[in-house]
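The values are calculated or read from the model by the stated rules, or taken from the named source; none is laboratory data. Computed from a predicted structure; not experimentally measured. Here the Cβ is made from the backbone with ideal geometry for all residues, glycine too, and neighbour counts use every protein chain on show. All accessible areas refer to the heavy atoms of the entire protein, side chains included, with ligands and DNA or RNA removed. Shrake-Rupley method; radii C 1.70, N 1.55, O 1.52, S 1.80 Å.
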Amino acid sequence: YQGNVNWPLIKKSGYSFAYIKVSEGETIGDPKLTDNWTGASKEAFLHGGYHVFTPGDPGKKQAENFLANLKQVQLDYHGYLPPVLDIEAIPKGKLIYAQPEIIHWLKLVEKKIGCKPIIYSSPSTWDSEFLGDFSKYSLWLADYSKKPTLPYYWKKWEIWQFSNSSKVAGIEGIVDVNHFNGDIDKLRSSVCIKW
């Protein structure tokens, strides 16, 4: 999506962490995954992987797709930021099927990696489309207002995506940017400790 990324330039610009797309649905792998994972690793840049959830695809198959693609670039997940499940607008008619599949993805990835995933979503998506308390998972909040609004049940955000239209040296075009809820030591201590 961002094309060719210049990781040394991003690191020089003072950014502390990045999430790299790994997969989407049950069959899609990001063609830039190897370039981005290798580039971030060479710069000793704190990073982790995310998966875009596709309603209608089984959660187990989506988790297997994520893990298979991730294994191509990183056999040992030790030292990387927790995996993320990106949950965006889901058609209302598919809600009843999506919720258990989301749970399958979260549980399988946590079991295989040994690290609790983070949920990425926005208040508008979550509050209008989901029922139940998922707050045992940390929240990566997408909210482009000056003061973020938390979805139901969550008391805090772990990561706040405050813009989806920023310019970052080393990336062509616009890009999402985020705050971590803590200092650099807390960020470093949040990494996964086993695969």
| said: Return the residues of the stretch 1-15 that are under 23 Å from K186 (Cα atoms) and surrounded by 14 or more Cβ atoms within 10 Å (Cβ to Cβ); say none if nothing qualifies. | reply: W7, I10, K11, Y15
| message | I'm told G48 meets every condition in (1) modelled with pLDDT of 95 or more; (2) out of contact with any helix residue (DSSP H, G or I) (no Cβ under 9 Å at 6 or more places or on another chain); (3) part of a loop (DSSP other than H, G, I, E, B); (4) not aromatic (F, W, Y) except one. Can you identify the failing condition by its number? | response | (3)
| Which members of the stretch 66-98 meet the condition of being within 17 Å of the chain's Cα centre (by Cα) and either of a type in the set (D, E) or not in a loop (DSSP other than H, G, I, E, B) (or both)? | F66, L67, A68, N69, L70, K71, V73, V84, L85, D86, E88
| Considering the stretch 2-27 alone, what residues qualify as being modelled with pLDDT of 95 or more and among the small types (G, A, S)? | A18, S23, G25
| query | Within the stretch 117-129, can one find any residue that is open to solvent by 50 Å² or more (accessible area, probe 1.4 Å), under 29 Å from K71 (Cβ atoms) and of a type in the set (G, A, S)? | reply | no
| task | For residues that are out of contact with any Gly (no Cβ under 8 Å at 6 or more places or on another chain), free of Cβ contacts under 8 Å to residues at least 40 places away in the same chain and either closer than 20 Å to P82 by Cβ or open to solvent by less than 40 Å² (accessible area, probe 1.4 Å) (or both), tally how many sit in the stretch 25-42. | result | 5
| Residue count, the stretch 107-126 (criterion: farther than 19 Å from T54 by Cβ, in a loop (DSSP other than H, G, I, E, B) and either touching a helix residue (DSSP H, G or I) at 6+ places or on another chain (Cβ under 7 Å) or of a type outside the set (G, A, S) (or both)) | 2
